[in-house]
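The values are calculated or read from the model by the stated rules, or taken from the named source; none is laboratory data. Model, not experiment: these values are computed from the prediction. Because the Cβ atoms are built from the backbone with ideal geometry, glycine has one as well, and the counts that use them run over all protein chains shown. Please note that ligands, DNA and RNA were not included when accessible areas were found on the heavy atoms of the full protein model with its side chains. Shrake-Rupley method; radii C 1.70, N 1.55, O 1.52, S 1.80 Å.
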Protein chains: 2
Amino acid sequence: MSKSIFYHAGCSVCVSAEQDIINLIGSNNVEIVNIGENRTRIQEAEKAGVESVPALVTPNGNTLHINFGASMADVKG
Amino acid sequence: MSKSIFYHAGCSVCVSAEQDIINLIGSNNVEIVNIGENRTRIQEAEKAGVESVPALVTPNGNTLHINFGASMADVKG
């Protein structure tokens, strides 16, 4: 992958962090995925090591968990 | 401020996140501060809302806590 992927679930912490990440690395460099709505991508996020949202998966595959919003268990409900 | 500030305390989680942040936003756009060594800046970090390290304070003053490494209480010892 060449872009980062920002996974979120629509919570207020997520939305705030999303704006910060876009400001920092540029909207062209990050794909935004709402796994609260787009539930088919939950499995992909978990495979990438996402344990809570918001989280940023970098192009080299590292996962940065940012300001805890919700656990994956909560997102899966 | 125009640069982000990345606060860390030298832990392995911090060092890994530091490399990711530099790759993502560029070393020219972030000041790296090791508050484990440079203890005079602990107070500044706390004022910026840093509760754990590693953390990134953005140019607009938001604090992004990244992959929990150590609490400020642990850093202060």
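The test for being over 24 Å from B:Gly49 (Cα atoms) and in contact (Cβ under 8 Å) with a residue 24 or more places away in the chain does not hold for A:Ala17.
Quick check: is even one residue across segment A:52-59 within 14 Å of another protein chain (Cβ to nearest Cβ), exposed (fewer than 14 other Cβ atoms within 10 Å of the Cβ) and either in contact (Cβ under 8 Å) with a residue 24 or more places away in the chain or closer than 22 Å to B:Gln19 by Cβ (or both)? Taking every residue of segment A:52-59 in turn, none turns out to be within 14 Å of another protein chain (Cβ to nearest Cβ), exposed (fewer than 14 other Cβ atoms within 10 Å of the Cβ) and either in contact (Cβ under 8 Å) with a residue 24 or more places away in the chain or closer than 22 Å to B:Gln19 by Cβ (or both).
Pairing residues of segment A:20-40 that are within 11 Å of chain B (Cβ to nearest Cβ) with residues that are of a type in the set (Ser, Thr, Tyr), at Cβ distances under 7 Å and at least 6 apart in sequence or on separate chains, gives A:Asp20/B:Thr58; A:Asn23/B:Thr58; A:Leu24/B:Ser4; A:Leu24/B:Thr58; A:Ile25/A:Ser4; A:Asn29/A:Ser4; A:Val30/A:Ser4. For segment A:60-74, the set of residues classified as buried (at least 22 other Cβ atoms within 10 Å of the Cβ) and either more than 10 Å from chain B (Cβ to nearest Cβ) or not β-branched (Val, Ile, Thr) (or both) consists of A:Leu64, A:Gly69, listed by residue number. The lone criterion from (1) at pLDDT below 95; (2) more than 22 Å from B:Asn23 (Cα to Cα) left unmet by A:Arg39 is number (1). Residues in segment B:6-40 that are farther than 13 Å from B:Phe68 by Cα, among the β-branched types (Val, Ile, Thr) and open to solvent by 20 Å² or more (accessible area, probe 1.4 Å): B:Ile22, B:Ile32, B:Thr40.
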